[in-house]
1. Taking the range 36-52, which residues are outside any strand (DSSP E or B), more than 7 Å from the ligand (Cβ to nearest atom) and touching a Leu at 6+ places or on another chain (Cβ under 7 Å)?
2. Can you go through 234, 216, 156, 226 and tell me which one is part of a helix (DSSP H, G or I) and either within 16 Å of the ligand (Cβ to nearest atom) or modelled with pLDDT under 95 (or both)?
3. Could you tell me how many of the residues in the range 16-30 are exposed (fewer than 14 other Cβ atoms within 10 Å of the Cβ) and part of a helix (DSSP H, G or I)?
4. When the range 108-139 is examined, which residues are found to be under 18 Å from residue 57 (Cβ atoms) and more than 18 Å from the chain's Cα centre (by Cα)?
5. Counting only residues that are loosely packed, with under 15 Cβ neighbours inside 10 Å and acidic (Asp, Glu), which one in the range 69-118 is nearest to residue 49 (Cα to Cα)?
6. If you check 55, 33, which single one turns out to be assigned to a helix (DSSP H, G or I) and either buried (at least 21 other Cβ atoms within 10 Å of the Cβ) or of a type in the set (A, V, I, L, M) (or both)?
7. Go through the residues of the range 87-110 one by one and say whether even a single one is over 23 Å from residue 5 (Cα atoms) and of a type in the set (S, T, N, Q).
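The values are calculated or read from the model by the stated rules, or taken from the named source; none is laboratory data. Keep in mind that what you see is a predicted model, and the values were worked out from it rather than measured. Positions of Cβ are backbone-derived with ideal geometry, glycine not excepted, and every protein chain shown enters the neighbour counts.
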Amino acid sequence: MKLPRHLAIIMDGNGRWAKDRRHSRVYGHLRGAKIAKTVIEDCARRKIPFLTLFAFSTENWFRPLEEVAFLMHLLQRQLRRETQTLMKNDIRFQYIGDLERLPPEVRAVVLETVETTADNKGMVLTFALSYGGRQEITAMARELVRQVKNGLLEEEDVDEALVSGLLASSFLPDPDLIIRTSGESRLSNFFLWQSAYSEIEFEAKPWPDFEVNDLERILTAFSQRERRFGRTSEQALRP
Ligand code: FPP
């Protein structure tokens, strides 16, 4: 089966899933974290080279304080608990996003996990944390201006490869497949530049109900799609 080199997932629907069961929203996040663990292990087993999970967006800071605090605590706890799972599966952990906005103790665990797993050679697992595509592009534009001002770059040097290289995600290939759960058909500020030619799969199930069988189904459909990158069928099929 032809697998995506880079799979990215917008794990949506935790809150609604919990509400439908008359539970608090955080109950949905707890279950969501369990699902994330299962999916991470499954992707590593399938030898997907890059997996990115949208764990917390720049907009998520506007949620009720208790929910934000719970998500931060959950992130810290899961990373601590699961470092051994990452090591066992040879997974290298990375992040994209504005780490400065995270509480210091959470930031510390994120950086520790990056360091501990730095020599692992298997799947690269990236958490998008306090991440927003527009913010990422804005930071890139600032860096570009800075480099031009300092005489490190000329206008003619600016091309797509240069822009990609100045984004926080520069260590990742563009995502081949983006999955968003919970029936919402939008990207919500995720990978705006990188998603130019991504296949996008909108899955009806909320994230807490997502199963490895669903991933299998989506990956099978992906492997059968023809990706033309703006070319004709004949051109795209040529090796
Ligand atoms: C979207 O559901 C989910 C989030 C904002 C957070 C994602 C976090 C997790 C899956 C748990 C933590 C993950 C890890 C890997 C430690 P929502 O709250 O937007 O749901 P709603 O749209 O129904 O409100």
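1. The answer is 39, 40, 42, 43, 46, 48.
2. Among 234, 216, 156, 226, only 234 is part of a helix (DSSP H, G or I) and either within 16 Å of the ligand (Cβ to nearest atom) or modelled with pLDDT under 95 (or both).
3. The number of residues fulfilling the criteria is 2.
4. Scanning the range 108-139 gives 138, 139.
5. Among residues in the range 69-118 that are loosely packed, with under 15 Cβ neighbours inside 10 Å and acidic (Asp, Glu), the one nearest to residue 49 (Cα to Cα) is 90.
6. On the way: 55 fails: assigned to a helix (DSSP H, G or I).
After applying the criteria, what remains is 33.
7. No, the range 87-110 contains no residue that is over 23 Å from residue 5 (Cα atoms) and of a type in the set (S, T, N, Q).
Let's see how each residue does on (1) among the aromatic types (Phe, Trp, Tyr); (2) farther than 28 Å from residue 187 by Cα:
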| position | (1), (2) |
| --- | --- |
| 122 | no, no |
| 125 | no, no |
| 129 | no, no |
| 142 | no, no |
| 150 | no, yes |
| 162 | no, no |
| 171 | yes, no |
